[in-house]
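Notes to accompany the following structure.
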Amino acid sequence: MSLTVHQTPVQHVAAAFELEGNAIQGELTLFSPLGHPSLVLRWSPEQAQWLQNGKTRNCANLSEMTLAATGTDLPLDALFDWLDGRDSQHPDGSSSAAGLPRPGAPSAACPNRP
């Protein structure tokens with residue numbers, strides 16, 4: 001996963017990840033370059049938890065947690081839509097998957113090989 005947060009200063013983060021569940025209840029684990037879990041985000045309708053460096057931070061919901069963890073309200077619901085092959089519409093009318101290949105679809109960079 002690669003994330004760019006457009007604020008001053010601009011932040012760029014890239015990490016391997018595991019994503020389980022759905023936008024209502026799930027878990028996102030980000031891994032260090034050596035493959036160790038460095039951040040775990042868990043959420044459910046009741047609460048959201050951010051686990052990092054042996055400490056747990058409880059948040060009211062997923063939006064509050066992603067804002068605290070990354071500095072922006074990440075649209076994880078749009079990520080799940082994209083993984084399921086559905087477009088999500090943003091309030092400005094743009095599509096979350098505009099220009100992105102569907103998961104498993106061939107691309108110019110990684111064409112299917114026989």
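The values are calculated or read from the model by the stated rules, or taken from the named source; none is laboratory data. None of the values given here were measured: they were computed from a predicted structure. Because the Cβ atoms are built from the backbone with ideal geometry, glycine has one as well, and the counts that use them run over all protein chains shown.
How many residues, within region 49-77, are more than 15 Å from residue 38 (Cα to Cα) and touching a Lys or Arg at 6+ places or on another chain (Cβ under 9 Å)?
Number of matching residues: 2.
If residue 28 satisfies every condition in (1) modelled with pLDDT under 90; (2) farther than 15 Å from residue 77 by Cβ; (3) in contact with a strand residue (DSSP E or B) (Cβ under 8 Å, 6 or more places away or on another chain) but one, which is the exception?
All conditions are met except number (2).
Identify, please: which residue in region 52-84 is under 13 Å from the mean Cα position of the chain (by Cα), among the polar types (S, T, N, Q) and over 14 Å from residue 27 (Cβ atoms) and is, among those, modelled with the highest pLDDT?
63
Report whether or not residue 74 is on the phi < 0 side of the Ramachandran plot, in contact with a Leu (Cβ under 7 Å, 6 or more places away or on another chain) and crowded, with 16+ Cβ neighbours inside 10 Å.
no
Could you list all residues from region 31-51 that are modelled with pLDDT of 90 or more and aromatic (Phe, Trp, Tyr)?
Correct list: 43 only.
Output the residue which, of all residues in region 1-14 that are part of a loop (DSSP other than H, G, I, E, B) and not β-branched (Val, Ile, Thr), is modelled with the lowest pLDDT.
1
Residues in region 40-68 that are closer than 26 Å to residue 86 by Cα and part of a helix (DSSP H, G or I): how many?
So the count comes out to 6.
Working only within region 24-37, note down all residues that are surrounded by 15 or more Cβ atoms within 10 Å (Cβ to Cβ) and of a type outside the set (A, V, I, L, M, F, W, C).
26, 27, 29
Could you grab me the full set of residues in region 15-39 that are assigned to a loop (DSSP other than H, G, I, E, B) and farther than 22 Å from residue 82 by Cβ?
Answer for region 15-39, where residues must be assigned to a loop (DSSP other than H, G, I, E, B) and farther than 22 Å from residue 82 by Cβ: 32, 33, 34, 35, 36.
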